[in-house]
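Step one of this worksheet: look at the structure below.
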Amino acid sequence: KATTGTLTITAEGTSTSIIVTILPTSTTKFIFGEIPSPQQIGIQFEVTLNSADKFDNLTADAVVTGTANLTISGSETSTTTINLIAGFGTKSISINLPGSYTIYGSGTFNPSLQGTSNPFFVEPGSPTQFIFSLPATTTYISAAGTTTITAYLADAGGSRVGTAGVECSLSIGG
């Protein structure tokens with residue numbers, strides 16, 4: 001993207017100003033928009049990819065039109081594509097496992113165009129429910145028998161929240 005500014009030159013008490021336009025050089029890489037951290041498991045967030053020159057100036061380059069590959073790398077690894085028009089594209093993605101992540105981008109039309117996002121974390125949401133696990137769909141317990149029932153605290157999407165013990169009580173009625 002071209003940037004316009006004023007250049008002032010002062011010598012021996014005399015100043016003169018001119019308006020200058022700085023043009024980016026040719027596209028050499030991709031730059032990701034900042035991905036806020038943390039993100040929440042299963043909730044979509046936007047990824048922005050821009051073409052740029054070697055000085056990190058954005059280039060609205062008509063040649064950089066097509067798709068780019070995105071590789072999401074962390075606790076979960078997946079790939080997707082993003083559509084670029086004149087060197088700019090956005091895509092909504094979601095990640096389903098907690099952990100630290102980075103996204104790598106590379107052009108399908110020009111594999112030498114590459115970029116890496118900032119690292120970011122994905123975390124579970126706030127606890128909203130207990131999820132119970134029984135040995136079978138129907139579990140019969142005799143008067144002297146026992147069975148194991150496992151429960152964990154989860155967010156609205158069913159993702160485990162924390163590992164600390166949380167007290168819950170079960171009662172059997174009939």
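The values are calculated or read from the model by the stated rules, or taken from the named source; none is laboratory data. What you see is a predicted model, and the numbers here were worked out from it, not measured in a lab. Counting neighbours? That spans all protein chains shown, and the Cβs are built from the backbone with ideal geometry, glycine included. Accessible surface areas use protein heavy atoms only, side chains included; no ligands, DNA or RNA. Shrake-Rupley method; radii C 1.70, N 1.55, O 1.52, S 1.80 Å.
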Taking amide hydrogens as modeled 1.01 Å from N in the peptide plane, which residues meet the under 5 Å criterion relative to Leu113, leaving out close sequence neighbours? Gly107
Please list, in chain and number order, the residues 5+ apart from Val161 or on another chain whose amide H is under 5 Å from its amide H, with Hs placed from the backbone. Leu153, Ala154, Asp155
In nm, to one decimal, how far is the modelled label at Asn83 from the one at Gln114, with both set 7 Å along Cα→Cβ? 2.7 nm
In vacuum, with every alpha carbon of the stretch 39-79 counted as one equal point scatterer, what does the Debye formula give for log10 I(q)/I(0) at q = 0.16, 0.26, 0.32 Å⁻¹? Two decimals, please. -0.63, -1.02, -1.21
If you average 1/r across every pair of different Cα atoms in the chain and take the reciprocal, what Kirkwood value do you get, in Å? 20.5 Å
Per Stokes-Einstein, at 20 °C and 1.002 mPa s, what whole-number D in µm² s⁻¹ belongs to the stretch 9-49, with the Kirkwood radius over Cα pairs as the hydrodynamic radius? 138 µm²/s
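Kindly state, to the nearest 0.05, the FRET efficiency for Thr21 paired with Arg160, given R0 = 45 Å and r defined as their beta-carbon distance. Display every interim value, and only then the final one.
Numbers: r = 54 Å, r/R0 = 1.21.
FRET efficiency, Thr21 to Arg160: 0.25.
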Dipole moment magnitude, nearest 20 debye, the stretch 1-142 about Cα centre, only Lys, Arg, Asp, Glu C-beta charged: 200 debye
At q = 0.19, 0.20, 0.27 Å⁻¹, work out log10 I(q)/I(0) for the stretch 10-91 with the Debye formula, treating every Cα as an identical point scatterer and leaving solvent out; two decimals please. -0.90, -0.96, -1.30
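Leaving out ligands and nucleic acids, and using a 1.4 Å probe, what accessible area per residue does the chain come to in Å²?
Values: 11150 Å² over 174 residues.
Solvent-accessible surface per residue comes out at 64 Å².
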Correct semi-axes for the stretch 104-149, from √(5λ) of the alpha-carbon gyration tensor and rounded to whole Å with the largest first, are 52, 15, 8
Sorted by chain and number, the residues with a modelled amide H under 5 Å from that of Lys29, at a separation of 5 or more or across chains, are Ala52
In Å and whole numbers, how far do the C-alpha atoms of the stretch 71-122 stretch along each principal axis, longest first? 33, 20, 17
Taking N as the number of residues in the stretch 48-145, what is its alpha-carbon radius of gyration divided by 2.2 N^0.38 Å? 1.73
